[in-house]
Amino acid sequence: MNHSPEEAVAMNGNGTGEGTGALEGAVVAVAGAAGPAGRATLLRLAEAGATVVGCDANPERLAEAVDAARYAHGGATVTGETVDLLDLDATRDWAKRTEAEFGRIDGLVHLVGGWRGSKSFQETVLSDWDALEKLLIRTVQSTTLAFQEALERSDKGRYLLISAAGASKPTAGNAAYSAAKAAAEAWTLALGDAFRKAGGEDGPRTAAAILVVKALVNDAMRAERPNAKFAGFTDVTELAEAIAGVWDEPAPEVNGKRLWLTPQP
């Protein structure tokens, strides 16, 4: 199932940022919560009534993101901690702590990112692959394995990966990045197949889905480059809106699917 940007925003209602019933009382973990997309997602999930548990490698930026979400939505439960997502045991411990503290886990949003590229295919530096493999693949492996069982115990579990259109149409200077994103997508789709099998004849009640963008943009980027058009880019607030909207869709409708927030190449 492919969604246009307008459809993706509409998935959670009227697109005005009002809370959705599906997320009221839900417990959602956000990996990579301190970047611009993470901050927007913390804000949107808290606004929708979810308890939000963020993690990031940067404790200072994470604390700022958590405080901002708490301040914007008084009374919202938003927490954060530094977790090494390259360490599967540490990630499993994070999942266990979260479920033990809040009684359930209804979602994991994977926003850990990073980009490295080159001017040409021949100039590709393999050390870039080493870095991207850790950031874009290993963190997906750890979070899927650590959170799968808790998500299956939920009646509305969702695992959401944010990916890039380049995974489906690689360019010469983005070989390492596109390959890493494609691998992360494949891993997430395998999780979706596990959810499908667990659902049996009734279909999956838990979903793994991929939200695909060309690239992301935020207010700080626009301020730095006021003349840039950022054509085809998805604003981080629009991404957060689409993330929240996935909980409004039945699990069988989104499980194992790429949800396009940019035209499909």
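The values are calculated or read from the model by the stated rules, or taken from the named source; none is laboratory data. Note that the coordinates shown come from a computational prediction; the quantities given were computed from them, not determined experimentally. Here the Cβ is made from the backbone with ideal geometry for all residues, glycine too, and neighbour counts use every protein chain on show.
Points worth noting:
- Qualifying residue in segment 51-62 (condition: touching a Gly at 6+ places or on another chain (Cβ under 9 Å), touching a residue at least 40 places away in the same chain (Cβ under 8 Å) and among the β-branched types (V, I, T)): yes
- Selection status of G192, of a type in the set (G, A, S) and at pLDDT below 95: no
- Note on segment 98-124: among residues that are touching a residue at least 12 places away in the same chain (Cβ under 8 Å) and of a type in the set (A, V, I, L, M), the one that is farthest from A244 (Cα to Cα) is V112.
- Note on segment 190-226: residues that are more than 19 Å from N255 (Cβ to Cβ) and either under 16 Å from the mean Cα position of the chain (by Cα) or not in a helix (DSSP H, G or I) (or both) amount to 8.
Here is a yes/no grid of residues against (1) in contact with a strand residue (DSSP E or B) (Cβ under 6 Å, 6 or more places away or on another chain); (2) charged (D, E, K, R); (3) not in a helix (DSSP H, G or I):
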position: R97; (1), (2), (3): no, yes, no
position: T124; (1), (2), (3): no, no, yes
position: T139; (1), (2), (3): no, no, no
position: T143; (1), (2), (3): yes, no, no
position: I162; (1), (2), (3): yes, no, yes
position: T188; (1), (2), (3): yes, no, no
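- Residue in segment 166-174 that is hydroxyl-bearing (S, T, Y) and surrounded by 17 or more Cβ atoms within 10 Å (Cβ to Cβ) present: no
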